[in-house]
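A short reminder: the numbers here are calculations on the coordinates, not readings from a lab. Bear in mind that the values here come from a model prediction, so they are computed numbers and not experimental data. Here Cβ is always computed from backbone atoms with ideal geometry, including for glycine, and neighbour counts include all displayed protein chains.
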Amino acid sequence: MTEYFIWVRGKKYCTEGASCRLIGVNLKIKHGPRATFNTKPEVCIDQMANFQSQSCNVDASLADAYIWDFGDGNMLSGNNPKP
């Protein structure tokens, strides 16, 4: 998360004339998740491949924070799934 302090200037026109207002606001920007993982570069056909998440900015409190799609119809959830 990145925090900024910004100034917001507003001007409102009405029947009595224009009024201006300047306020300072703290702005917090939550960065989107970045999906990365690592695994062994070579795995034999009869061995299980293990994946380890190296992702960042993931809100793990969400039920679908991690979804692994292996492209063969199998999907798993969790930070470091064991297929």
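Structure above, values below:
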item	result
The chain, relative contact order in percent, only Cα pairs under 8 angstrom and at least six apart counted	22
Karplus-derived HN-Hα couplings along segment 47-58 (A = 6.51, B = -1.76, C = 1.60, θ = phi - 60°), whole Hz, x at Gly and Pro	9, 8, 8, 10, 10, 10, 5, 10, 5, 9, 6, 9
Rounded to the nearest 20 debye, dipole of segment 24-80 from Cβ charges on Lys, Arg, Asp, Glu	420
Sequence-distant residues sharing a close amide H with Phe37 (under 5 Å, placed H)	Gln54
Positive minus negative residues near Ala18 (Lys, Arg vs Asp, Glu; Cβ under 14 Å)	+3
Summed residue charge, Cβ within 15 Å of Asp59's Cβ, Lys/Arg positive, Asp/Glu negative	+2
Amide H contacts under 5 Å for Trp68, placed H, 5+ residues apart	Leu76, Ser77
